[in-house]
Structure formats: structure tokens, C-alpha cells
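Scroll down for the structure; my scribbles are underneath it.
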Amino acid sequence: MTAYQPPGAQDATDAGRDVAYDAVVLAGGAARRLGGADKPGLRVGGRALLDRVLAACADAGTTVVVADPRPTARPVTWAREDPPGAGPLAALDAGLRHTTAERVVVLSADLPFLDEGTVRRLLAALRTSGADGALLTDADGRDQPLVAAYRASALRRELAALSRGHDGIAGPQGGGLTGPGVSGLTGLPLRRLTGALDLTRVPDPVASFDCDTWDDIATARARIREHGHVLDEWISAVKDELGIDLDVDTKVLLDLARDAAHGVARPAAPLTTFLVGYAAAQAKGGEGGPEAVAEASRKAAALALRWAEEAAAAQSGAAPAAASDPAPAAASDATPDTRPDAG
């Protein structure tokens with residue numbers, strides 16, 4: 001859902017579409033500026049912040065959420081840093097232990113405007129740059145290391161080095177850290193990691209927006225209700241709630257609803273779109289996909305237009321023009337008008 005599109009965003013999204021990756025979502029912070037509220041569970045647009053982030057990385061091979069387990073809109077792998085609350089580097093290491101892909105998207109759980117296109121742009125930037133990582137920068141040009149794509153080998157290498165440098169013990173092959181090794185990462189800021197990496201940057205003031213305060217939450221909730229965003233947000237929320245993973249042409253459905261409302265009756269709009277959805281779900285044994293929605297919409301829209309033509313003809317007294325209509329009968333053969341008020 002973002003109205004803002006950086007230059008070349010669509011090309012970059014397409015370039016990153018086939019890049020395999022895992023995702024690590026950090027969702028265990030203390031949320032001090034929110035008074036200790038359960039930040040990942042706060043709702044924006046009817047969806048928990050964590051679920052919004054999970055939707056943006058839905059095509060990851062493995063998604064690891066570092067936090068105490070909770071209900072989520074889709075299945076994930078759960079992990080926890082040792083000890084809990086040891087900080088972002090320990091949490092990142094805990095998540096990495098459950099991943100196998102060479103590219104890993106690292107995200108915080110408080111990004112209301114993150115979408116799949118942004119994730120793909122980060123992956124495309126990582127692939128084309130040859131850098132260790134690609135991260136977003138915010139409206140003020142500041143790095144956002146928790147909205148980023150990294151090479152897993154680079155993360156493991158630097159996490160192991162940081163742990164060794166702080167009396168930690170690296171795990172096998174410099175991978176995840178075990179035992180007392182984790183304590184070497186406790187409390188270290190993210191910049192100790194990112195400062196050792198070769199990074200490329202992708203400006204995006206919208207997708208990088210995170211919710212650290214109640215004012216941020218209020219801003220996010222207001223933004224998605226703006227005219228340019230509310231419909232896409234609502235559709236995404238409904239699909240998420242119903243467990244539907246289907247891309248449809250929203251304009252086609254809106255045009256159909258308009259035609260049904262104007263050509264038949266206002267209540268026909270929601271009922272018709274419901275029937276189109278049902279028909280699409282039944283097509284090809286339930287595997288019709290977006291094409292089935294488009295075809296059912298086309299048929300229903302054509303029917304609504306025929307109804308409108310007939311209504312207009314009835315008001316004007318003329319026959320509706322349609323190539324498939326039979327030719328009018330001769331006057332002498334016409335059926336007499338038997339309506340009660342005829343005459």
C-alpha cells in the first residue's frame with residue numbers, strides 16, 4: 001500500500017521477484033516509549049503490526065519471528081534470544097540459527113507501510129550491488145538496519161567476530177552462537193554490526209516509517225484511511241483475515257459494482273460481487289485464480305449493462321439495441337398488450 005514509489009521502484013521490484021530468501025522478524029522489544037504496550041500486537045487498519053510485516057515477507061522460504069509465541073495470521077518459526085531482552089544483535093543471531101538461505105531479510109515488527117514490493121526492491125539492490133546488505137533510509141536520510149536484506153554469510157561472520165571480541169565463543173563454522181557466546185552480544189547496538197558491513201542504501205520515507213510512540217500509531221492509523229490508501233488497505237486486511245492469497249483487478253470489480261448499482265439496483269452491487277467471487281472459487285475445481293475472477297466479472301458486467309439498456313429503452317419506449325435480440329414482430333403479428341392498465 002504505499003502511494004510513494006521511488007524512481008525505478010517497479011523495475012527493481014520485478015528484478016527481485018525471483019530471489020530466494022529467508023526472513024527474520026525481531027518482535028521482542030520492550031516498547032518503552034509506548035509504556036510497555038504489546039507493540040507487535042497493536043492494530044493499524046484492523047491488523048496487528050506483526051501480521052502486516054509478515055504479509056510483506058510472505059514468500060520467504062522460512063520466516064523466523066524472534067519473540068515469545070503468539071497467534072499470527074500465517075505460520076512462522078519462533079525463536080528467542082538468550083537471555084530474553086539481550087538486545088537486537090542477540091535476537092538477530094537467535095533468528096539466523098533457523099535460516100538456511102544465503103539472503104536474509106531482517107525486519108522489525110513495527111512497520112505499518114512495509115509491503116512485498118519494498119522487500120523485493122531490497123533483495124534486488126542486494127543482488128545487483130554485490131554489497132553485504134541493502135537497507136532502507138528514512139525521510140531524514142537515516143539508515144534503517146531493521147528494514148534490510150543481507151547476505152547471511154556476512155551477518156554470521158560479523159556476529160561471530162563481535163562475540164569473540166566480547167568474551168564470547170563462536171558456534172561451529174562461525175554460524176549461530178551457543179552457550180556463553182550469546183552473552184558477548186548482549187546489549188550491543190546494531191551499529192556495531194552494520195558498521196563492519198559494506199551496505200547499499202534504498203531511500204523510502206514511507207516503508208521505513210516505524211511506530212515507536214503513540215503519536216506514530218495515530219499517524220499510521222490516519223494515513224491508511226486517506227482516500228488514496230483506504231481501499232487497498234481494506235482489501236489487504238480482508239484477504240489477510242480470510243486467509244485468501246489472490247491478486248485481483250480491483251478496478252474491474254469496482255466497475256462491475258457500479259454497473260450493477262446503476263443498471264439494476266443499489267443492493268445488486270454487493271450481491272453481484274459476492275456471486276462473482278463464489279463463481280470464481282468454483283471455477284476449475286477451485287483453482288481458477290485471478291483469471292476466473294476477471295472472466296466472471298466480465299460476464300456479470302455485460303449482464304448489468306444489458307439490464308441498463310433495457311431499463312433505458314423501457315423509459316424511452318424504444319427497443320434496446322442488441323445484435324442477439326430477435327427482430328421485432330410485424331405489427332399484425334404482435335401480441336396484444338394484456339397489462340391491467342393497457343388501453
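Consider A311 carefully, then state whether it is open to solvent by less than 90 Å² (accessible area, probe 1.4 Å), modelled with pLDDT under 75 and outside any loop (DSSP other than H, G, I, E, B). Please lay out each step first, then the result.
On the way: open to solvent by less than 90 Å² (accessible area, probe 1.4 Å): yes; modelled with pLDDT under 75: yes; outside any loop (DSSP other than H, G, I, E, B): yes.
Yes; evaluated as a whole, the condition is true for this residue.
Which residue, of T72, T77, is polar (S, T, N, Q) and closer than 28 Å to D215 by Cβ?
Testing whether each residue is polar (S, T, N, Q) and closer than 28 Å to D215 by Cβ leaves just T72.
Only residues in segment 289-301 that are in contact (Cβ under 8 Å) with a residue 40 or more places away in the chain and within 10 Å of V252 (Cα to Cα) count as the first member; pair them with residues that are open to solvent by 80 Å² or more (accessible area, probe 1.4 Å) and of a type outside the set (F, W, Y), Cβ under 9 angstrom, at least 6 apart or cross-chain, and list the lot.
So the pair list comes out as V293/D249; A294/D249; S297/D249.
Looking at the structure I just gave you, is T250 under 23 Å from E310 (Cβ atoms) and either at pLDDT below 75 or not aromatic (F, W, Y) (or both)?
On the way: under 23 Å from E310 (Cβ atoms): no; either at pLDDT below 75 or not aromatic (F, W, Y) (or both): yes.
No; evaluated as a whole, the condition is false for this residue.
Against the definition (in contact with a strand residue (DSSP E or B) (Cβ under 8 Å, 6 or more places away or on another chain) and either under 14 Å from L114 (Cα atoms) or assigned to a loop (DSSP other than H, G, I, E, B) (or both)), how does G61 come out, yes or no? Give the steps one after another, and end with the answer.
Details: in contact with a strand residue (DSSP E or B) (Cβ under 8 Å, 6 or more places away or on another chain): yes; either under 14 Å from L114 (Cα atoms) or assigned to a loop (DSSP other than H, G, I, E, B) (or both): yes.
Criteria met by G61.
How many residues are in a loop (DSSP other than H, G, I, E, B), out of contact with any Phe, Trp or Tyr (no Cβ under 9 Å at 6 or more places or on another chain) and open to solvent by 30 Å² or more (accessible area, probe 1.4 Å) if we restrict to segment 29-41?
Within segment 29-41, the first condition is being in a loop (DSSP other than H, G, I, E, B), and the residues that meet it are 29-31, 35-38.
Cutting the leftovers down to out of contact with any Phe, Trp or Tyr (no Cβ under 9 Å at 6 or more places or on another chain) gives us 29-31, 36, 38.
Narrowing further to those that are open to solvent by 30 Å² or more (accessible area, probe 1.4 Å): 29-30, 36, 38.
Going through segment 29-41 one residue at a time, the tally reaches 4.
Just to be sure, is D82 in a loop (DSSP other than H, G, I, E, B) and within 11 Å of A27 (Cα to Cα)? Break it down stepwise before answering.
Details: in a loop (DSSP other than H, G, I, E, B): yes; within 11 Å of A27 (Cα to Cα): no.
It is false that D82 is in a loop (DSSP other than H, G, I, E, B) and within 11 Å of A27 (Cα to Cα).
Name every residue in segment 89-107 that is surrounded by 23 or more Cβ atoms within 10 Å (Cβ to Cβ) and touching a strand residue (DSSP E or B) at 6+ places or on another chain (Cβ under 7 Å), in order of residue number. Full working, then the answer.
Start the filter on segment 89-107 by keeping residues that are surrounded by 23 or more Cβ atoms within 10 Å (Cβ to Cβ), which leaves 89-96, 99, 103-107.
Within segment 89-107, A91, L92, A94, G95, L96, T99, R103, V104, V105, V106, L107 meet the criteria.
Quick grid of which residues meet (1) out of contact with any Leu (no Cβ under 8 Å at 6 or more places or on another chain); (2) touching a residue at least 60 places away in the same chain (Cβ under 8 Å); (3) open to solvent by less than 10 Å² (accessible area, probe 1.4 Å); (4) farther than 30 Å from T219 by Cα:
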position: D59; (1), (2), (3), (4): yes, no, no, no
position: A67; (1), (2), (3), (4): no, no, yes, no
position: D82; (1), (2), (3), (4): yes, yes, no, yes
position: A125; (1), (2), (3), (4): yes, yes, no, no
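When you check A196 against the structure, is it farther than 21 Å from D140 by Cα, open to solvent by less than 70 Å² (accessible area, probe 1.4 Å), in contact with a helix residue (DSSP H, G or I) (Cβ under 9 Å, 6 or more places away or on another chain) and of a type in the set (A, V, I, L, M), yes or no?
Criteria met by A196.
Specify which of the listed residues (G184, G176) is modelled with pLDDT under 65 and open to solvent by less than 60 Å² (accessible area, probe 1.4 Å). Step through it out loud before you land on a result.
Numbers: G184 fails: modelled with pLDDT under 65.
Answer to the check: G176.
So, in segment 71-80, exactly how many residues are surrounded by 14 or more Cβ atoms within 10 Å (Cβ to Cβ) and under 21 Å from the mean Cα position of the chain (by Cα)?
Result for segment 71-80: 5.
Restricting to segment 86-123, give me the number of residues that are among the acidic types (D, E) and closer than 18 Å to R52 by Cα.
Adding up the residues that qualify gives 3.
Consider L114 carefully, then state whether it is open to solvent by 10 Å² or more (accessible area, probe 1.4 Å), within 30 Å of E226 (Cα to Cα) and in contact with a Leu (Cβ under 9 Å, 6 or more places away or on another chain). It would help to see each step written out before you state the result.
Values: open to solvent by 10 Å² or more (accessible area, probe 1.4 Å): yes; within 30 Å of E226 (Cα to Cα): yes; in contact with a Leu (Cβ under 9 Å, 6 or more places away or on another chain): yes.
Answer is yes for this residue.
What's the number of the only condition in (1) of a type in the set (D, E, K, R); (2) more than 19 Å from the chain's Cα centre (by Cα); (3) closer than 25 Å to G130 by Cα that D212 fails to meet?
Against the list (1) of a type in the set (D, E, K, R); (2) more than 19 Å from the chain's Cα centre (by Cα); (3) closer than 25 Å to G130 by Cα, D212 comes up short only on (3).
The values are calculated or read from the model by the stated rules, or taken from the named source; none is laboratory data. Computed from a predicted model, the values in this text were never measured in an experiment. Please note: Cβ atoms are built from the backbone with ideal geometry, for glycine as well, and neighbour counts cover all protein chains shown. These area figures cover heavy atoms from the full protein model, side chains too; ligands, DNA and RNA do not enter into them. Shrake-Rupley method; radii C 1.70, N 1.55, O 1.52, S 1.80 Å.
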